[in-house]
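What follows is a single structure, written as structure tokens, with notes after it.
The values are calculated or read from the model by the stated rules, or taken from the named source; none is laboratory data. Computed from a predicted structure; not experimentally measured. Note that we place each Cβ from the backbone using ideal geometry, even for glycine, and neighbour counts take in every protein chain shown. Surface accessibility is based on the protein's heavy atoms, side chains included, excluding ligands, DNA and RNA. Shrake-Rupley method; radii C 1.70, N 1.55, O 1.52, S 1.80 Å.
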Amino acid sequence: MTLFECRDVHYAYPGRVPALCGVDLTIETGTRVALIGANGSGKSTLLSLLDGLAFPQRGSIRFAGQELTEAALQDEAFALDFRRRVGLVFQNPDVQLFCPTVREDIAFGPLQLGIDAATIERRVEALAQEFHLEALLDRPPHRLSVGEKRKVAFATALAIEPEVLLLDEPTAGLDPRTATHLIERLHDAVHQGRTMVIATHDLHILADIADVVYVFGQDRRLAASGTPEEILTNHDLLEANNLIHTHTRHIHDHRQYRWGG
Ligand SMILES: Nc1ncnc2c1ncn2[C@@H]1O[C@H](COP(=O)(O)OP(=O)(O)OP(=O)(O)O)[C@@H](O)[C@H]1O
Ligand SMILES: [Mg+2]
């Protein structure tokens, strides 16, 4: 079943800074989709549109058949259902965390959705244990390390137990153990029928985190889509879209991790 359907999506920021210039893509229920592309190619912008935080100025985005518009999200019943089903982890965790304590931040989403206190408490404890946040629960989020903040931000999104997780650079700045745990967690989530859309610069994790990869070009349209293997073995495509750099190929040619390129 099609969950998100983007048709000819255009979006420009105030001051006419173009961010998306005619993006078409489809996200099927229960799949893992990776968005890759150079800095400024529109990945985060697309995630915020998929989360209904902004709306296409031309073209359309449908979620489960319903067009995502400002008017649709002003409808309280639709907005509540949408917020319960879709969660976004921002690229910058400072945007996500605003409560006086970590505990309150993790509880915030479920509280907004009217979930009972005992269930919220259980979820907070379970997530704190899972992400080793127990010692941080009563601390102010803005005084944590960047990686700690990212873990808390991830916990705030998971606390809602959304069907769809939109993740913006989830592994950036995480230590290897935490990053690996996160990747395994994403893997499990799909087995539970969840859908995942992940923007990332970590090409070497693509095969672990994605079924389908969309490549954003510098013209802010999609340059290609395919399986991780199809995309990662297409050297010309990666180079043309600023995803690998020939002069440092021994470092950046991520094919070596998986396909012995
Ligand atoms: N808040 C904003 N106001 C104005 N322009 C913005 C804003 N956020 C992003 N842009 C611009 O929109 C374009 C797309 O940015 P976006 O953040 O979506 O890229 P990205 O692919 O996520 O990049 P990165 O890999 O650096 O995270 C860029 O040209 C950027 O300068
Ligand atoms: Mg981004």
As a check on your grasp of the helix formula, calculate [θ] at 222 nm for the chain: sum -39500 (n - 2.57) over DSSP H runs of n ≥ 4, divide by the residue count, round to the nearest 500.
-10500 deg cm²/dmol
Please give the charge dipole size of the chain, origin at the Cα centre, charges +1 on K and R Cβ atoms and -1 on D and E Cβ atoms. Round to the nearest 20 debye.
420 debye
On the protein heavy atoms, probe 1.4 angstrom, tell me the percent of accessible surface of segment 120-216 carried by carbon and sulfur.
49 percent
Treating only the Cβ atoms of Lys and Arg (+1) and Asp and Glu (-1) as charged, compute the dipole magnitude of segment 155-256 about its Cα centre; round to the nearest 20 debye.
140 debye
GNM, the chain, Cα, under 10 Å: largest mean-square fluctuation among L222, L174, L165?
L174
Taking protein heavy atoms only, a 1.4 Å probe, and rounding to whole percent, the accessible area of segment 20-113 owed to carbon and sulfur comes out at 50 percent
Taking the C-alpha atoms of segment 1-131, how large are the radius of gyration and the largest Cα-Cα span, Dmax, in Å?
16.6, 47
Quarter of the surface of the C-alpha convex hull for segment 24-88, i.e. direction-averaged projected area in nm², equals 4.9 nm²
Could you list which residues have their amide H under 5 Å from that of L68, counting only those 5 or more apart in sequence or on another chain, with H placed in the peptide plane?
I61, R62, F63
For segment 74-169, accessible area per residue (1.4 Å probe, heavy atoms of protein chains only), Å²:
47 Å²
For the chain, projected area of the alpha-carbon convex hull averaged over all directions, nm²
14.4 nm²
Can you give me the orientation-averaged projected area of the convex hull built on the Cα atoms of segment 162-223, in nm²?
4.7 nm²
Of all DSSP beta bridges in the chain, antiparallel share, percent nearest 5:
55 percent
Taking segment 118-236, the equivalent ellipsoid from its C-alpha gyration tensor has semi-axes in Å, biggest first, of 30, 16, 13
